[in-house]
Structures are given as structure tokens and as C-alpha cells.
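Contents: one structure, followed by commentary.
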Amino acid sequence: MSLGVDTGKRAVAVDVAQFPLYAPSAGSISILGRHFVDQHGRVLLLHGANVGAASKVPIEHGLEAPENASYVGRPFPLEGAKEHWARLASWGLSFVRIIFTWDAVEHAGPGVYDEEYLSYLRDLLISLRGTGLVAYVSVHQDVWSRYSGGSGAPAWTLSAAGFDMTNGGEKLEASGAAWLNGVKGGRLPGERGLWPTGYQKLACASMNTLFWGGETFAPSLKVGSKGINIQTHLQDAFLAMWSKVLDAVGDLDTVMGFEMLNEPHGGYIGLSTIDEWNYNTDLHLGEFPSPLQSFALGDGHPTEVPVYKRSWPHPTRLARRTIVNKLGVRAWSIPCPWQREGVWSWSADQNKAVALQQDYFTKNSRGQPVSFYEDFYYPFVRRWDKLLASKAPKKARLLEPVPNEYAPKWPAESRPRNFVYAPHWYDLAALFSKQFGTMTVNVQALSRGKFLPMCLYFGKSVRQNYATQIRTLVQEANKQLGEVPIVFGECGVPIDLNGEEAFHTGDWKWQLRMLDALMFALEVNSVHFNLWNYNPGNNDVVGDDWNAESFSWFSEENRRKAIEAAPVDQQASLASDLDVGARLLDVLVRPYAIATAGTPLSSVYEPSTRLFTHRWTDMPQPTSPTAPPRARVTEIFLPRRHYKKGEVKWFASAGGRVHFDWERQRLWVWFDDTDEFISRGKAVTRRVDFWVLEAPDKTKPAEVIGLLIVVAGFCFFLANEWVRYTTGKPWVEMVL
């Protein structure tokens, strides 16, 4: 073994010219089983960010005149691109998920493409050249469209399906078919967690059902003079849009792949009843009509619906009922398609909607059960893959499941070429409550029936909580998909946790702990990832200015304020510091193995000691101690934020050689194997560790007291619920 400090005799002095930095590009990334590998056969680990949330909305937020929307300059103007890429690269984030929306390309009408935006997108991706970053390009959507409360598809898609889009969809909002307050721009007052419920409202649920399964569930809904089914119309238009994008950027060496669609959703497909949604999978909050109730509302019938409010231990509970759409506004400009197909009718005698086919969305016209994935999703993936094969045949194809679901059974013949599995993961409890503290919940297990006390984690065991959830998703993917690369395309931390307390105190300890737990979970499971998100337009008032979300750890407004507030003689220095305007960098910026000369086994980073440990296996080979071939050299990101010359201690397993490249933020590791090692002909385990400080005891009395209070509170809750169960009335009605 080798042990020393960075100036010790075993830290080798070499000509760094023989160690060029790995420069990711379409040509230097290949898929080999479950790994990405470079041109030298080294196994890559891709860490990066989503760029970014600003691309969900046009420059002007208004919903009126959708044909005039412009996304040119989203996510940021071209003149600032090089600085943004340099900033991400300095943090070790070299893998960028560039998002765009269908609306950005085709907002003016079917077949009318925004050539100015496509030119901007190409120039944005070209600007990555020479920066050390590579991108994949993803079509983004949430809740189908801005005009149904999210982002994604153009307004004309809803018009084509028969929705009345007068004045930017105001009738959808008035009838309860969509919730639009979160996409109008500005700080959102009142309840700020309603946007995910849009998936269950009439507009979004209908559009997703029609896009994936219109021929099965709405065969009567025809479009245009040729009378083609709405599914064919929408899917053909979506693929034609993709074709334009591939023509614009498919040839670029800065683009390693494409993602078909962000967070696909089946709408009503698979619902066993139209009388309710699934409480365990669909967020019940605010006014929450059942599918049947939403059909009636959309058809202009005032209807009583349940209203849910936040609670504990269940996230929400029924609070009351209210009449929605009292003015009888119709969301449709045509007869309701679901009524036309005989799914429901309005009973004048009973003055309410009546279900005619409760299980309509579970079977086809022959009465055979349907599967969202096998009957609708996979066939469309094959069409998309065929398009890419003709225009960008060597690029990776990234695909993801319905949000919060495990990997589905995915037959090899239904997968695209160069397939990469790209799920998302968030701490759903923290996202919903925007609270984070000493207790965290494994919502993944809880929603699947695990006993509540077994789903609770306290203190720093949040690391184990998150690692367990990520590991479960990875294991399920391995079981269903076998050897394919896994990229977590979205995962992130809300900046505005705990009532935006950190904005006022400057104490980011809870965001730091949450982000560290997240990155630890990704690291120990050896997966690639894109953090959500890098959005320079973020600020502390409106966040990312979309549905009250605030995830960006960098803000140009905060950067400007910090520079202006500094003494004049310090402003130039601050202006040259790329970190100014960023938060959470003490845990976000961390070492990792960019390229491993072998098969990685594990990587762990501990922020308190700055201890980084990386283990891998490979076959011993004759290697020069001072001039190793590049294929034998492991390249590790060594952030200067944490490591300085003369302060670092290190350890390497037998034969290990290291070179600290302080200027370029790299540690180079290779092995000078003995003849004895080589003659064995067996793979060996390699190891390198480096660190700065011994582990301090940072346990604070306040944290211990806080944990005891939480445990006592939980015991009281269990006793309170036992009294409710035995007597019918609790000591205290516990409602948040």
C-alpha cells in the first residue's frame, strides 16, 4: 500500500501533459452494459445538472395569445452561456440535461415551427464546445401544458381535442378542468402545493389519455378534414416536432443523447373506477373531483366535490365539500368526448353525473384488459426510436417510467437502441411540506404498505433513508431491465424549505444536510445524475417562477446584490469569482471518479472530514510508474474548494501511484503492479482514499434534545391513536 501527504515521496511528479482532462462528447461516450465508457475503455461517472427551470415558460408569462409565445433566451441568453458553462464545470458538473418544451418549438400552430428558437437551441448547444461539458436534450412537460397548469404542449393541442381555449384557457380554470394560478408568473399566494393535482383534473387527464390511447378510448374523436383520430393527430405532430429538433441539433458533438418525454403519465388509462383516484399515488389536495365529477364539471354542471387539506400522519384529509363551477361554464367547445363514448351521462332526475362504464379505461373495445406500458407507451417509443435511427443513429435514447413508479417489465424488443433508463427521485414528504428537519420519511415504502414507524429516520440517518430509496429503484431496474445505464434525470432540494427561514438567517444547514444525503445516496448506488436545477433567473421572491417552485442553488440576482453590497475595492474580485450568487456549494461541490480504469465498486464522500474513498476492480498489467497509458489512469475530480496543497493525506492500495493536479482540480491514480500480481491472472480490488481532517464530534445538545422531543411526540401520537381506536375519541384531534 501507499500512504502519505500530497507532498510525500509516493505522490509522483509527472508531466501533466500526458494526462489530458477527459472531455465528454458524443464521440467519447459509449454504452457498454450498465456503464458509460470513454474511448479508452474507462468507466465514466456522469454528474451534472438540469438547465433549467426557466425553459418551462416563455419570456412573457401570459397565457393570452399563445401563438406569440417566445422561448428564445431560455434558459439564458447566449452571451452569458460561456460563463454559465464555466461555472458548472468548476463545480465538477459536466453532464447537462437541456430541457425544452413542445410549446417552444410549435406554439404558433400545427406545423408552424419557431425557426428562431431552433437556431437559438443549436447555438446554445454549440456553445458547450471546449467547456468540458456534454448534454442530452429532453422534451419537458408537467401536467401536459402551461394551459392546463404545467408546461409542455402548445395550446392548439387542447383546442384540437375539443377544449375551449378562449382567452388562454380561462374556461378550463372556471370549470375546474385546470388550475392555472401557478403558471401566470409572480409570487403565488395561499396554498402553494396544488400544481401536481392538475394531473387528475379534466384537461390534463383527458389530454394524456387521448395522446396515448385516443384510438382505444375515444375512437369517435376525429380531427381535421381527413377525419384522423386525435391520438394519431397528436402523436404525428409530436414526432414531426421531434424531427425538426433532430434536424437542428442531432448532428452536434456536444449532444450525447435525447430523452423522448419528461415524466410521462397515462391519464385515465388503467383506472379501475371513475368514482375515485388512488389516494396512495395521486395527491389529494384542494378541490379534488373524481373523474366522474370532473366530467360533469367540464360539461357545465355545477357539482359538489371534496376539498382536502394538509394533515398528519397522512399527508392530507377530507376537510369539507363545496360546489364548483357554480356558473355552469363548459370546458369543451364540442360535446364531451367521454359522454359521447358512453362512459357517463347526466341524470336530470337525480341532478348528478351517473357512471355508465365504471371500468371503461381498463379495457379495449374487445373487452381485453390493457396495459399503459405494453399497449400504449412501448409502441410509441418504437416510433420515436425509428425516427432517431434515421437522424441521430448513434445517440443515446433516454426514457423514464411514470413518476414514482418502479421500472416496468420492458421486453428487449420494445426497447430502443442505445437505451438508457432515466427515472426521477425526490423526497416527496419534503417537497409536499417544504419542511425538513430531524425526522424524514421513506414515502416510497410507506405508500406501498410498510408500517409507518419502520419508514421514519432520525437525524443524519436521512442518508440511509435516501440511499435505501435510490437502491430500491436501482434494484428494480436491474431486475426488469438487466444491464443498462441508469441516469437519475431529476433529483433536487427545495431552496425555500422551512418557511424560507434561510433567506433571512443565512443558515442553510437543513438544505445542506438534505443535499448531502441526496448526493450520498446517488454516489453509493453508483448512478449518474442531473440535479434539479441550475436556473440563473431564480430569485428569493418568486423562486424559479413556476408553480411556486424554488430549486436553483444559483441566482444571478443574488450574485448582483452580493457584488453591489461589497466595498468598491472588492467588487472586481467578486465579479471574477464564479461562486458568488451560489448556495450549498460546501456539499454540492465534492470529489468523484470521473473516469475509472476498471469497474467501480463504491464511492463515498464525507463532508465533515473531506474523506473520499473510491474502490474498483481491474486486471493487473505492466504499467510505467511515471508514464502510464491513459487507459490505466483513473481521473478524480479534486475540488479546490475542499483540498489545498500541503493539507491532504492519502492512501492507495498496493502499487498505487498518485499525482495531485491542483491547477486543474484533478487527482490522477494508477498502479505499478509487480510481476507476482500480474502472474496470478486475477482481477484485484483497487482503492484510493484522501482526506483533510480527523472526524470531529459535531453532535450538538440542541440536536439531541430535538430528537428526544420528536421521539416523545411520536410515542404520544401512537398512544393518542390507540385511544381513538379503543374509545372512538382521541385525547387530542391532531390536525396540521
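The table that follows gives values for the structure above.
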quantity: In region 638-664, the residues that are more than 15 Å from residue 593 (Cα to Cα), charged (D, E, K, R) and assigned to a loop (DSSP other than H, G, I, E, B); calculated: 640, 641, 644, 645, 647, 663
quantity: Test: residue 312 is exposed (fewer than 15 other Cβ atoms within 10 Å of the Cβ), touching a residue at least 12 places away in the same chain (Cβ under 8 Å) and within 29 Å of the chain's Cα centre (by Cα); calculated: yes
quantity: Listing of strands (runs of 3 or more DSSP E) fully contained in region 345-439 that carry 3 or more residues being in the same structural domain as residue 501 (by TED's automatic domain parsing) and either within 21 Å of the chain's Cα centre (by Cα) or at pLDDT below 95 (or both); calculated: 396-399, 419-421
quantity: Boolean, residue 186 is of a type outside the set (A, V, I, L, M) and over 26 Å from residue 229 (Cα atoms); calculated: yes
quantity: Matching residues in region 337-356 - criterion: being small (Gly, Ala, Ser) and within 16 Å of residue 276 (Cβ to Cβ); calculated: 353, 355
quantity: Pairs, first without any contact (Cβ under 8 Å) to a residue 12 or more places away in the chain in region 458-477, second aromatic (Phe, Trp, Tyr), C-beta under 7 Å, six or more apart; calculated: 464/457
quantity: Selection within region 669-697 - under 30 Å from residue 87 (Cβ atoms), of a type in the set (Phe, Trp, Tyr) and buried (at least 21 other Cβ atoms within 10 Å of the Cβ); calculated: 690
quantity: Any hit, region 477-487, residues being surrounded by fewer than 21 Cβ atoms within 10 Å (Cβ to Cβ), closer than 30 Å to residue 194 by Cβ and at pLDDT 95 or above; calculated: no
quantity: Where residue 471 falls short, out of the listed (1) part of a helix (DSSP H, G or I); (2) in contact with a Ser or Thr (Cβ under 9 Å, 6 or more places away or on another chain); calculated: (2)
quantity: Flag if residue 420 is of a type in the set (A, V, I, L, M, F, W, C), crowded, with 19+ Cβ neighbours inside 10 Å and under 30 Å from residue 33 (Cβ atoms); calculated: yes
quantity: Criterion (under 24 Å from the mean Cα position of the chain (by Cα), in a helix (DSSP H, G or I), in contact (Cβ under 8 Å) with a residue 40 or more places away in the chain and closer than 15 Å to residue 248 by Cα) met by exactly one of 124, 88; calculated: 124
quantity: Single match in 106, 64 (criterion: buried (at least 23 other Cβ atoms within 10 Å of the Cβ) and touching a residue at least 24 places away in the same chain (Cβ under 8 Å)); calculated: 106
quantity: The listed residue being of a type in the set (Ser, Thr, Tyr), modelled with pLDDT of 95 or more and within 19 Å of the chain's Cα centre (by Cα), out of 550, 576; calculated: 550
quantity: Single residue of 505, 468 found to be more than 27 Å from residue 261 (Cβ to Cβ), out of contact with any helix residue (DSSP H, G or I) (no Cβ under 9 Å at 6 or more places or on another chain) and surrounded by fewer than 19 Cβ atoms within 10 Å (Cβ to Cβ); calculated: 505
quantity: Among the candidates 55, 94, 30, 127, residue that is of a type outside the set (Asp, Glu), surrounded by 15 or more Cβ atoms within 10 Å (Cβ to Cβ) and not assigned by TED's automatic domain parsing to the domain that holds residue 260; calculated: 30
quantity: Residue check for residue 209: β-branched (Val, Ile, Thr), within 23 Å of residue 57 (Cβ to Cβ) and surrounded by 20 or more Cβ atoms within 10 Å (Cβ to Cβ); calculated: no
quantity: Residue match in region 67-77 (condition: surrounded by fewer than 18 Cβ atoms within 10 Å (Cβ to Cβ), of a type in the set (Lys, Arg) and in the same structural domain as residue 423 (by TED's automatic domain parsing)); calculated: no
quantity: Condition met for residue 44 (farther than 28 Å from residue 200 by Cβ, touching a residue at least 24 places away in the same chain (Cβ under 8 Å) and crowded, with 21+ Cβ neighbours inside 10 Å); calculated: yes
quantity: Pairs with Cβ under 9 Å, 6+ apart, first in region 637-656 and closer than 14 Å to residue 610 by Cα and in the same structural domain as residue 523 (by TED's automatic domain parsing), second surrounded by 16 or more Cβ atoms within 10 Å (Cβ to Cβ) and not aromatic (Phe, Trp, Tyr); calculated: none
quantity: Any hit, region 90-107, residues being more than 30 Å from residue 523 (Cα to Cα) and among the aliphatic types (A, V, I, L, M); calculated: yes
quantity: Residue within region 239-259 that is in contact (Cβ under 8 Å) with a residue 12 or more places away in the chain, in the same structural domain as residue 103 (by TED's automatic domain parsing), touching an Asp or Glu at 6+ places or on another chain (Cβ under 9 Å) and under 19 Å from residue 403 (Cβ atoms) present; calculated: yes
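The rows are residues; the columns are (1) more than 23 Å from the chain's Cα centre (by Cα); (2) closer than 22 Å to residue 342 by Cβ; (3) among the aliphatic types (A, V, I, L, M); (4) modelled with pLDDT of 95 or more.
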site	(1), (2), (3), (4)
176	yes, no, no, yes
197	no, no, no, yes
206	yes, yes, no, yes
210	yes, yes, yes, yes
214	yes, yes, no, yes
219	yes, yes, no, yes
222	yes, yes, no, yes
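The values are calculated or read from the model by the stated rules, or taken from the named source; none is laboratory data. All figures in this text were calculated on a predicted structure; none of them were measured in a lab. No Cβ is skipped: glycine too gets one built from the backbone with ideal geometry, and neighbour counts run over all protein chains shown.
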